[in-house]
1. Considering the Cα trace of region 107-150, what is its radius of gyration and what is Dmax, both in angstroms?
2. Between region 1-30 and region 99-158, what is the separation of their alpha carbon centroids in Å?
3. May I ask for the Kirkwood hydrodynamic radius of region 5-47, worked out over all distinct Cα pairs and given in angstroms to one decimal?
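Read-outs throughout are calculated quantities, based only on the coordinates presented, and are distinct from any laboratory measurement. Small disclaimer: the values here were computed from a predicted structure and weren't measured.
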Amino acid sequence: MKLDENQRQKVAAWIADGLKLSEIQNRIGKELGVQMTYMEVRFLVDDLKLTPKDPEPPKPPAPSPLTAPAAAASPLAPEVPGADAPAGGVSVAVDQLARPGTMVSGKVTFSDGQNADWYLDQTGRLGVVPAVQGYKPAAADVQQFQLALQNELAKMGI
């Protein structure tokens, strides 16, 4: 079924407002008095060279007080650029039972003897919680940790 120019402009405005195709189909029927199938609406929108807007993705929930320190600690950059500790001595252990709210968790010991807990959350984000607040491992240790963690997770099939 054909729509006149005025009706086509209304459809374009509805697309610009972010309406879904099913909502546009209903409005065409109610406001314009034209019954169209969903497929006809899709073809109409395509003929008008319009692109429906994607709905905004849901915002991630605010971090709870239990995960806030880990989120702050997850960017594992050294405090002073270029001040790398000697390479070697990074060991990674995977917990038998993952911490609540995580897919997998464990412990890491860096080459300078500092310990930290690590975890992967449900979205695949890596979090590291050092035993000493404010501790940042050397860049070389971070790379070794990531490689060792990748190897351990591969052994588990993750």
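1. In order Rg, Dmax, the Cα atoms of region 107-150 give 10.3, 30 Å.
2. When both Cα centres are located, 52 Å separates them.
3. Working: mean 1/r = 0.0992 Å⁻¹.
Kirkwood hydrodynamic radius for region 5-47: 10.1 Å.
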